[in-house]
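Here, each number is a calculation from the coordinates, and none is a lab measurement. Please read all numbers here as calculations on a predicted model, not as lab measurements. Here the Cβ positions follow ideal geometry from the backbone for every residue, glycine too, while neighbour counts run over all protein chains shown.
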Amino acid sequence: MGKTMEEESLNTERFLIRGARILDPSQGLDQEGDLLVEGGRIAALDREIPVEEGVQVIEARGCWLLPGLVDMHVHLREPGEEWKEDLESGLRAAVAGGFTAVACMPNTRPPNDSPEVTRYILDRAREVGRARVYPVACISRGQEGRELAPFGELREAGAVAVSDDGRPVADSGLMRLALEYARSFDLTVISHAEDPGLSAGGQVNEGPVSARLGVKGIPAEAEAVAVFREVALAALVGYPVHIAHVSTAAAVEILRRARESGLPVTAETAPHYFTLTEEAVLDYNTLAKVNPPLRSEDDRLAIREALSEGLIQVIATDHAPHSPLEKEVEFPAAAFGMIGLETAVPLTLNLVREGVITPLRMAELLSTNPARILGVPGGTLKPGSPADLTLIDPDRVWVVTEEELHSKNKNTPFLGREMRGRAVLTVVGGRIVWPE
């Protein structure tokens, strides 16, 4: 019998990370201290650990040590769209951004609606190494919204969640079935919450900017209506649903009511929704064209407040690489999406500096919560756990350039922008995978 991915990643290196600010929400820990890695696992964590002979010491004063970051929403494009990204380039970008694990969405070519595709992704991930990969499979066959994909076979092959991300499940009856069947196989259900009847043909947020650009807008209600439905279905079935890429104040208000009612709903947002507004697409900037679209300043502030309150439990990147052929075109023809794996840490650190969230909440949003919601290992620095670690220098200043980015494509509106904060060490299963 072959080794598991976790077993393959464990090694016998011994090293001590000394003097870091250790942030571990799973233990409520925010303190300066040392962490010892041995045999691929966390061997010890204390305020001071004696240095034994043969142990490599990594000085980390002034840096923050977090459980390895987990991005529960990325597009790695393999199989079928390798000109945009592949596992080699995508996982290099992940570890450079501090992510030790990523969950990859199913809108590949062919879509991940069969155990063969799921196994292919996992086999390729083992070949590449670097970060752990958790496949998200389709809710419906071919993402066509007509019949469920074979959840049991997909789970057995290694899928951890199901989603038709990129396409909303318009049929409420099918979405109800998805929740019921997912419960049988312990799969996380991730909803692309969008009412296609309201969003069809839309290019940007509906409002002054869409009018100024002369393009069809996507109203906030397209998201709100869909989120309301998912909350209602989660209540009906009694099984959790996770809302992807929340972008509107209206959706936040629905999530608030769901929490007050004790309903099993979690949600994520992406850094661009708490950093940018719809004004970023003025002058027809295709690099800022995403779905859901960048929204108003009121929406941006509501997303920040939701992160502070815990109404949104996860920050995920929705990393979506596209080639210049798909971005350097007329605005209506341009693809939706931007890359985000390598800018997530500094953009989230801005929330900490501005007092919106604490450093411990940052670790929770980027590591502990996504691991818990997906039901995968990680999100903790408890001794005995696999040594998946992210060391961040919160004050490292750098500029986003095409040369600095490791993703195969460079479609981000942050090009040329100075960032503060960066992952300086990424460890997976006790193996240092960044810097290479």
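Residues whose amide H comes within less than 5 Å of that of TYR134, counting only those at least five positions distant or on another chain, are VAL102, ALA103, CYS104 (H built at 1.01 Å from N in the peptide plane). If I model a spin label as a point 7 Å beyond the Cα along the Cα-Cβ vector, how far apart are those points for TRP398 and VAL57 in nm? Spacing of the two 7 Å Cα→Cβ label points: 2.7 nm. Stretching ARG420 away from THR358 to a fully extended chain increases their span by 20.7 nm, per 0.36 nm per residue minus the current alpha-carbon distance. Computed packing ranks the peptides 220-229, 348-357 as 220-229, 348-357, most packed first, by mean other Cβ atoms within 10 Å. The length gained by stretching the chain between ALA232 and ASP298 to full extension, at 0.36 nm per residue less their Cα-Cα distance, is 21.2 nm.
Cross-link partners of LYS216 among lysines, defined as those whose alpha carbon lies under 29 angstrom from its own and excluding same-chain residues fewer than eight positions apart: LYS84, LYS289, LYS327, LYS410.
Phi angles of segment 208-225 translate, via the Karplus equation with coefficients 6.51, -1.76, 1.60 and θ = phi - 60°, into HN-Hα couplings of x, 5, 5, 5, 5, 7, x, 10, 5, x, 10, x, 4, 5, 4, 7, 4, 4 Hz per residue; Gly and Pro are given as x.
Segment 252-283 to segment 61-93: how many Å between their Cα centroids? With segment 252-283 and segment 61-93 each reduced to a Cα centre, they are spaced 22 Å. The phi torsions of segment 31-39, fed into the Karplus equation with coefficients 6.51, -1.76 and 1.60 and a -60° offset, translate into couplings of 7, 6, x, 10, 9, 9, 10, 8, x Hz, rounded to whole numbers, with Gly and Pro shown as x. Placing +1 on the Cβ of every Lys and Arg and -1 on the Cβ of every Asp and Glu, with no other charges, gives the chain a dipole of roughly 300 debye about its Cα centre. For segment 125-212, what does the alpha-carbon gyration tensor say about shape, rounded, prolate or oblate, given a ≥ b ≥ c as the root eigenvalues, a/c under 1.5 as rounded, and a/b over b/c as prolate? It comes out oblate by the Cα gyration axes.
Distance between the modelled labels on GLU221 and GLU260, one decimal in nanometres: 2.2 nm (7 Å Cα→Cβ projection).
Classify segment 337-383 as rounded, prolate or oblate, taking a ≥ b ≥ c as the square roots of the eigenvalues of its Cα gyration tensor: rounded when a/c is under 1.5, otherwise prolate if a/b is larger than b/c and oblate if not. Judged from the Cα gyration tensor, segment 337-383 comes out oblate (a/c at least 1.5, b/c at or above a/b).
Could you point to the residue in ILE373, ALA149, ALA193 farthest towards the positive end of the chain's charge dipole, with +1 and -1 charges on the Cβ of Lys/Arg and Asp/Glu respectively? The residue sitting farthest along the positive end of the dipole is ILE373.
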